[in-house]
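**Student:** A single structure is presented below for examination.
The values are calculated or read from the model by the stated rules, or taken from the named source; none is laboratory data. No experiment lies behind these values; they were computed from the predicted model shown. Cβ placement follows ideal geometry from the backbone for every residue including glycine, while neighbour counts extend to all protein chains displayed.
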Ligand SMILES: Cc1cc2nc3c(=O)[nH]c(=O)nc-3n(C[C@H](O)[C@H](O)[C@H](O)COP(=O)(O)O)c2cc1C
Ligand code: SF4
Ligand code: SF4
């Protein structure tokens, strides 16, 4: 069976969960269509109508931002046609809530011609865990066991998922069209100009060979994904939230930092 993983995953948790689900669907290695970086999007989006036409099952994964699908991921995925292929929708979130992201992903896949056979919300270390530690080191071994089991159940699923049965967690974040994001600071004095951060930025707004934003105008486009911060070996790109941001995050992430949530999966009745 030919399985494809199509994902957007700046800090890698969504990709890890999706790969494990794919291994549960079939033992053979999946093809990874990673839409995170500009280069990947250029390569894979040359012919979005045919991108997944040759696969038997497609695992589609996004992280949850403000209870929603990150707009960049949504815009790219909305171009991919399903040709009746079975799809498993996956939302990975930072132990707070998954808002409307999973249901919206299912709806989008369905309207693009996929047969959505299963959907799952899994937990990954929160992108802002350097400010408030939430879901550290997740997905962990138990999460990955769950993901693999979910994959094998998805391969055997009979029928199509009723998309309206996929849970929505409505709150002020998922209802708002905006996404509150922290934009990392850059400390030129600590930067060794190794260039790693510019290679992992999904938006391509860090000057290559340096750690600086290419321009103050481009800085406005930062989605706060923390890929550059996680990859910087010199702590020159860092998440230095100001007092107000710390207070806000402390409030919003207080409960998620104390209570471990478990994956939730949705299968046809
Ligand atoms: C801008 C932004 C908004 C986020 N909003 C949420 C949220 O609403 N609920 C939640 O539980 N986690 C939220 N997270 C955390 C991510 O969903 C989580 O860390 C996820 O594992 C990141 O996926 P990735 O490793 O594939 O990039 C947010 C992260 C960012 C950067
Ligand atoms: S500059 Fe912004 S968008 Fe680019 S990797 Fe860093 S946090 Fe993500
Ligand atoms: S990863 Fe860090 S040290 Fe390397 S260029 Fe970027 S900011 Fe500078």
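**Student:** Could you look through segment 55-73, keep only residues that are closer than 16 Å to residue 177 by Cα and in contact with a helix residue (DSSP H, G or I) (Cβ under 7 Å, 6 or more places away or on another chain), and pick out the one that is surrounded by the fewest Cβ atoms within 10 Å (Cβ to Cβ)? Outline the logic, then answer.
**Tutor:** Within segment 55-73, the subset closer than 16 Å to residue 177 by Cα is 64-73.
Still in the running and in contact with a helix residue (DSSP H, G or I) (Cβ under 7 Å, 6 or more places away or on another chain): 64, 66-69.
Numbers: 64: 27, 66: 20, 67: 24, 68: 24, 69: 24.
Of everything passing the filter in segment 55-73, 66 is surrounded by the fewest Cβ atoms within 10 Å (Cβ to Cβ).
**Student:** Here's another thing I want to ask about it. For segment 212-225, indicate whether the set of residues that are in contact with a helix residue (DSSP H, G or I) (Cβ under 8 Å, 6 or more places away or on another chain) and either away from ligand 1 (no atom under 16 Å from the Cβ) or on the phi > 0 side of the Ramachandran plot (or both) is non-empty. If you could, list the steps in order and put the result at the bottom.
**Tutor:** Taking segment 212-225 as the starting set, the residues that turn out to be in contact with a helix residue (DSSP H, G or I) (Cβ under 8 Å, 6 or more places away or on another chain) are 212-213, 223.
Now narrow it down to the ones that are either away from ligand 1 (no atom under 16 Å from the Cβ) or on the phi > 0 side of the Ramachandran plot (or both): 212-213.
Yes, because at least one residue in segment 212-225 is in contact with a helix residue (DSSP H, G or I) (Cβ under 8 Å, 6 or more places away or on another chain) and either away from ligand 1 (no atom under 16 Å from the Cβ) or on the phi > 0 side of the Ramachandran plot (or both).
**Student:** May I ask you to say which residue of 157, 147 is more than 16 Å from ligand 2 (Cβ to nearest atom), at pLDDT 95 or above and either within 25 Å of residue 30 (Cα to Cα) or touching a helix residue (DSSP H, G or I) at 6+ places or on another chain (Cβ under 7 Å) (or both)?
**Tutor:** Details: 157 fails: at pLDDT 95 or above.
Exactly one residue qualifies, and that residue is 147.
**Student:** Name the helices (runs of 4 or more DSSP H) wholly within segment 107-221 that hold at least 2 residues that are away from ligand 3 (no atom under 16 Å from the Cβ), buried (at least 20 other Cβ atoms within 10 Å of the Cβ) and in contact (Cβ under 8 Å) with a residue 40 or more places away in the chain? Let's see the steps before the verdict.
**Tutor:** Working: elements: 141-156, 172-175, 196-200, 216-219.
Answer list for segment 107-221: 141-156.
**Student:** Considering each of 265, 252 in turn, give the residue that is within 16 Å of ligand 1 (Cβ to nearest atom) and either surrounded by 13 or more Cβ atoms within 10 Å (Cβ to Cβ) or within 19 Å of residue 71 (Cβ to Cβ) (or both).
**Tutor:** On the way: 265 fails: within 16 Å of ligand 1 (Cβ to nearest atom).
Answer to the selection: 252.
**Student:** Criterion first (more than 25 Å from residue 264 (Cα to Cα) and more than 16 Å from ligand 2 (Cβ to nearest atom)) does residue 80 satisfy it? Reasoning before the result, please.
**Tutor:** Working: more than 25 Å from residue 264 (Cα to Cα): yes; more than 16 Å from ligand 2 (Cβ to nearest atom): yes.
Yes; evaluated as a whole, the condition is true for this residue.
Residue by residue, here is whether (1) in the same structural domain as residue 12 (by TED's automatic domain parsing); (2) within 25 Å of residue 125 (Cβ to Cβ); (3) more than 13 Å from the chain's Cα centre (by Cα) holds:
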residue: 87; (1), (2), (3): yes, no, yes
residue: 91; (1), (2), (3): yes, yes, no
residue: 99; (1), (2), (3): yes, yes, yes
residue: 102; (1), (2), (3): yes, yes, no
residue: 107; (1), (2), (3): yes, no, yes
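**Student:** Within segment 153-171, does at least one residue satisfy the condition of being at positive phi and within 12 Å of ligand 1 (Cβ to nearest atom)? Break it down into steps so the answer makes sense when it comes.
**Tutor:** Pass one, segment 153-171, residues at positive phi: 159.
In the following step, the residues that additionally are within 12 Å of ligand 1 (Cβ to nearest atom) were identified as none.
No.
**Student:** Condition check: in contact with a helix residue (DSSP H, G or I) (Cβ under 9 Å, 6 or more places away or on another chain) and either outside the structural domain of residue 86 (by TED's automatic domain parsing) or surrounded by 14 or more Cβ atoms within 10 Å (Cβ to Cβ) (or both). Does residue 232 satisfy that?
**Tutor:** yes
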